[in-house]
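A.B. asks: Can you read through this structure? Questions will come right after.
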Amino acid sequence: MKRDFDVIIIGGGPGGLAIGSLLAREGVSSAIIEKDAVLGGRYRSVDFHGCRVDCATHFLVSLSGSAEKTATYEYFSNLGLRMEQKIVPWTIGLVSKERPGQVNCFSMDPELGPANFFEFFAFATGVEMGEASKQEIMRVAKLTSDMSQEECRKSVNVRFGDWIDQYVEDPIAQAVLHGMGPIVGAPPTQINFGFVANAFRTFLDTGAPIIWYPKHATLENAFIAPLVKYYTDHGGEVIANKAVRSITIENGKAKGVVVQDHQIRFMLEEYSAPVVICAIPIFEAVAKNILGREFLTEDWAESIRRCAEMAGPDLSGFFLLREDVLPRDGYGWIHIFDNDYGVPTYVGDVTLGSYINAVEPPGKQLVTSMIPGTSELNPFGPTGQMDKVREAHARWKESVEKGFPGFNEAIEYEGMNLQLNFTRYAYAVVPVELDIQSPNIKGLYFAGDSIRSVGAQMSDKCFELAFPLCERVLEYVRS
């Protein structure tokens, strides 16, 4: 087996495959080292009682308008790979035991622009905003939308919650902004202002986030399979079932990696390369000592520590029903709020398997859940405390039953899966934004969604970062 490469990539998820395929096209000798038997990371498919479905419920979002304007679409087009997508109805649903079998729904309408935000708040809380409050929200939206990405990057050390208290005067407007947690996935006290400022312009520029998904396939079939083929067809090498133990660094330069064979656990192997790209979450690399703390600058070490604090798991639930309980038309993705907690309370998302192109047995219906572990209602903790996880799972089922009576009775099989949350760790309030290149180690680079607070959302960031990362690596290798 070949042991010397121009570039070694740690991790075969979307981030590793994205940069690997661009480098392979340029003729750079590279290897992707993956600890599991197959590539794909959180984009992999799993088999569940006759179903074939994504291993974790995962939605894709465009803040720039249509799905064709996303970094993912641009990336696949750049490689000459076909990508077909569809818009997924993203509905906010309010349930209550007082209205069995009824779901009050609200969907954002891009034509409404900033009014979407006003309508969302009124629906989710039952409180209408007055003109003064709306004007204050519009002032804030205009203020943030005028900020450049560079200005946003300089604000990653500011808590959004603190910024609200300092710059927003109207109390109702303050309450609206402090209530953004269910949209963002984390409380405003835990996310940085630079990220919010960069994302907030959506409501002015495009009217609303667009939720989209591959048109005919699961995430693995639509994204991972064609990228693996492209990468290997262009000379890239895949080394699976081997876990990287450490990045070799000598005299301030990356030299390669030491790996451990998963099938022959005691066997250590060395692979050399002048460039190492860490495409697993950076806090995971540090926690496992793949990247030694002694090779970090002080500000990077602190930023990584704070990102790790937000790196808890999300819960995905899988429910195979004996028959259709949820209508297949009109409900694609439901953001469920339960009205029986004193105030409407977000309990998680409901997704139809048919909308995410899952394979379902004849006559059955697959429904999945996504419950953020960073929400104030479901603090799973960094390791996913099972008592909290089970409580959240049961709470979600109870809420869905209110809107769709017979749901629990129809469950034939159910399962749970904990997956590292996506992107939200990059929203952390940090002293300095983590970037694609190490500030002090030559030849050490980073891919994936755990770096850069500012930019594309969710896994779209993996494909957005691949282009500038490829340019920097090529410049270094060729010099």
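A.B. asks: Just for the stretch 110-157: of the residues that are touching a residue at least 60 places away in the same chain (Cβ under 8 Å) and not in a helix (DSSP H, G or I), which one is nearest to the chain's Cα centre (by Cα)?
C.D. replies: VAL156
A.B. asks: Next question. Just checking, how many residues over the stretch 359-373 are buried (at least 24 other Cβ atoms within 10 Å of the Cβ) and either more than 22 Å from the chain's Cα centre (by Cα) or farther than 15 Å from HIS335 by Cβ (or both)?
C.D. replies: Total meeting the criteria: 2.
A.B. asks: Quick one: which residue in PRO171, PRO226 is more than 21 Å from SER450 (Cα to Cα), at pLDDT 95 or above, not charged (D, E, K, R) and not assigned by TED's automatic domain parsing to the domain that holds SER64? Step through it out loud before you land on a result.
C.D. replies: Numbers: PRO171 fails: at pLDDT 95 or above.
Criteria check complete, one pass: PRO226.
A.B. asks: Still on this structure: If you go through the stretch 141-171 one residue at a time, how many are closer than 22 Å to ILE436 by Cβ and among the acidic types (Asp, Glu)?
C.D. replies: So the answer is 2.
A.B. asks: For the stretch 158-182, what are the residues that are within 19 Å of LEU94 (Cα to Cα) and either in contact (Cβ under 8 Å) with a residue 60 or more places away in the chain or not in a helix (DSSP H, G or I) (or both)? If you could, list the steps in order and put the result at the bottom.
C.D. replies: Pass one, the stretch 158-182, residues within 19 Å of LEU94 (Cα to Cα): 176, 179-182.
The answer is GLY179, MET180, GLY181, PRO182.
A.B. asks: How many residues are surrounded by 16 or more Cβ atoms within 10 Å (Cβ to Cβ) and over 24 Å from PRO361 (Cα atoms) when one looks only at the stretch 37-64?
C.D. replies: So the answer is 8.
A.B. asks: If LEU204 satisfies all but one of (1) under 18 Å from the mean Cα position of the chain (by Cα); (2) in contact (Cβ under 8 Å) with a residue 40 or more places away in the chain, what's the number of the condition it fails?
C.D. replies: It is condition (1) that LEU204 fails.
A.B. asks: Where residues in the stretch 187-199 are in contact with a helix residue (DSSP H, G or I) (Cβ under 6 Å, 6 or more places away or on another chain) and surrounded by fewer than 23 Cβ atoms within 10 Å (Cβ to Cβ), which of them is modelled with the lowest pLDDT?
C.D. replies: This residue is PRO187.
A.B. asks: Give me the strands (runs of 3 or more DSSP E) completely within the stretch 224-276, filtered to those with at least 1 residues that are polar (S, T, N, Q), ordered by residue number.
C.D. replies: Numbers: elements: 237-240, 242-250, 253-261, 268-272.
Per the criteria, 242-250, 253-261, 268-272.
A.B. asks: Answer yes if at least one residue in the stretch 383-394 is modelled with pLDDT under 90, touching a Lys or Arg at 6+ places or on another chain (Cβ under 8 Å) and under 17 Å from LEU420 (Cβ atoms), and no otherwise.
C.D. replies: There is no residue in the stretch 383-394 that is modelled with pLDDT under 90, touching a Lys or Arg at 6+ places or on another chain (Cβ under 8 Å) and under 17 Å from LEU420 (Cβ atoms).
Table: residues versus (1) exposed (fewer than 14 other Cβ atoms within 10 Å of the Cβ); (2) on the phi > 0 side of the Ramachandran plot; (3) assigned to a strand (DSSP E or B).
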residue	(1), (2), (3)
LEU326	no, no, no
GLY330	yes, yes, no
ILE336	no, no, yes
VAL343	yes, no, no
VAL350	no, no, yes
TYR355	no, no, no
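A.B. asks: Something else: Taking only the stretch 200-219 into account, find how many residues are crowded, with 23+ Cβ neighbours inside 10 Å and modelled with pLDDT of 90 or more.
C.D. replies: Residues that pass the stated criteria total 3.
A.B. asks: Let me ask another. Filter the stretch 419-450 down to residues that are part of a loop (DSSP other than H, G, I, E, B), free of Cβ contacts under 8 Å to residues at least 60 places away in the same chain and out of contact with any Leu (no Cβ under 7 Å at 6 or more places or on another chain) and give me whichever is surrounded by the fewest Cβ atoms within 10 Å (Cβ to Cβ).
C.D. replies: Per the stated criteria, the residue is ASP435.
Matching residues to (1) farther than 18 Å from THR351 by Cβ; (2) in a helix (DSSP H, G or I):
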position	(1), (2)
GLU376	yes, no
VAL389	yes, yes
SER399	no, yes
LYS402	no, yes
ASN417	no, no
MET458	no, no
CYS462	yes, yes
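A.B. asks: Something else now. Only one of ARG153, ARG82, ARG99 is basic (Lys, Arg) and surrounded by 19 or more Cβ atoms within 10 Å (Cβ to Cβ). Can you tell me which?
C.D. replies: Just one listed residue meets the conditions, ARG153.
A.B. asks: Given the options ILE356, ILE411, ILE336, name the one that is of a type in the set (Val, Ile, Thr), more than 19 Å from GLY93 (Cβ to Cβ) and touching a strand residue (DSSP E or B) at 6+ places or on another chain (Cβ under 8 Å).
C.D. replies: Selected residue: ILE411, the only one of ILE356, ILE411, ILE336 that is of a type in the set (Val, Ile, Thr), more than 19 Å from GLY93 (Cβ to Cβ) and touching a strand residue (DSSP E or B) at 6+ places or on another chain (Cβ under 8 Å).
The values are calculated or read from the model by the stated rules, or taken from the named source; none is laboratory data. None of the values given here were measured: they were computed from a predicted structure. Methodologically, a virtual Cβ is constructed for each residue, glycine included, from the backbone with ideal geometry; neighbour enumeration extends over all protein chains shown.
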